[in-house]
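Structure, as structure tokens:
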Amino acid sequence: MNRSAFNFKYIYRLKPVDYPDPNGTLPKSVLMMAPHTSIMDFIIGLSAMKYYDLHACTIIKKEFFFFPLNLILKKLGGIPVDRKHARNFVSYAADIIKKRDRITLIICPEGTRKRIDKWKRGFYQIAMEAEVPISLGFIDYKTRTCGIMSIFYPTGDYEKDIQEIQKQYYGLQGYRKGQFNLEDKPPHPEWYDL
């Protein structure tokens, strides 16, 4: 049992779901993670990336990249960005994806750990501009499961696609109960059969 599997089973008491691309034919994607209601999601998410052997990266404000924290953040896949000077964040993130052979760029569509009613659409725009699919990542504290539920290929019709994406998150519960906007929806039957 590797360290990540041990963490899931004994420390987090979560069960990872099977990865939807077991043959590794997906070298690049935008990984959107929801629900995001606690800093614990970041810690568990890092273990998930190791467990699935994904080349995960996340964009972090450059202010956090000071010694010695910068060494840890870079080791964890952190990419510094100066948000004041990054006028077009979507293009900046898409360029990072295009320049690498393998990358899973993690984005939380909620944009905050507080409850919000409308997700930010940056993850979708980045995937469209970089011409990569979206991996739908989740941590469900109700069923104690986590992982990537499916791979979604955006069509360019955001309103239609976001409805299809969000349906897959219906009924999931964040670390802080009541903080996830789709928690009260009935679970999506196609995959939520745990």
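Any read-out appearing in this document is the output of simple, stated calculations on the displayed coordinates, not a laboratory observation. Predicted, not measured: the structure shown is a model, and the values here were computed from it. Every residue, glycine as well, gets a Cβ built from its backbone with ideal geometry; the counts of neighbours run over all protein chains shown.
Fewest Cβ neighbours within 10 Å first, please rank Ile79, Ile148 accordingly. Present the calculation step by step, with values, prior to reporting the outcome.
Details: Ile79 17, Ile148 25.
Lowest count first: Ile79, Ile148.
Per residue, how much space in cubic angstrom lies within the convex hull of the C-alpha atoms of the stretch 3-167? Mind dumping the intermediate values first?
Numbers: hull volume 21.3 nm³, N = 165.
Spread over its residues, the Cα hull of the stretch 3-167 gives 129 Å³ apiece.
Given charges of +1 on the Cβ of Lys and Arg and -1 on the Cβ of Asp and Glu, with all other atoms neutral, how large is the dipole of the stretch 58-132 about its Cα centre, in debye to the nearest 20?
Details: 17 positive and 8 negative charges, 51 e Å.
So the dipole magnitude of the stretch 58-132 works out to roughly 240 debye.
Order these peptides, 161-170, 29-38, 136-145, 65-74, by their mean beta-carbon neighbour count within 10 angstrom, highest first. Write out the running numbers ahead of the final one.
On the way: 161-170: 17.0, 29-38: 24.3, 136-145: 20.0, 65-74: 11.6.
The packing order, highest mean first, is 29-38, 136-145, 161-170, 65-74.
Rank these for me by crowding, Asp101, Asp157, going from fewest to most other beta carbons within 10 Å.
In increasing order of surrounding Cβ atoms, one gets Asp101, Asp157.
Counting other beta carbons within 10 Å of each residue's own, what order do Leu105, Leu46, Leu172 fall into, fewest first? Mind showing how you got there, number by number?
On the way: Leu105 27, Leu46 17, Leu172 23.
Result, fewest neighbours first: Leu46, Leu172, Leu105.
Filter the cross-link list Lys74/Lys98; Lys142/Lys167; Lys28/Lys61; Lys9/Lys75; Lys99/Lys177; Lys114/Lys167 down to pairs whose alpha-carbon distance in this structure exceeds 27 Å.
Values: Lys74/Lys98 19 Å; Lys142/Lys167 17 Å; Lys28/Lys61 22 Å; Lys9/Lys75 24 Å; Lys99/Lys177 39 Å; Lys114/Lys167 20 Å.
Exceeds cut-off: Lys99/Lys177.
With +1 on the Cβ of every Lys and Arg and -1 on the Cβ of every Asp and Glu, and nothing else charged, how large is the dipole of the stretch 36-194 about its Cα centre, in debye rounded to the nearest 20? Walk me through the numbers before you get to the answer.
On the way: 25 positive and 19 negative charges, 157 e Å.
It comes to approximately 760 debye.
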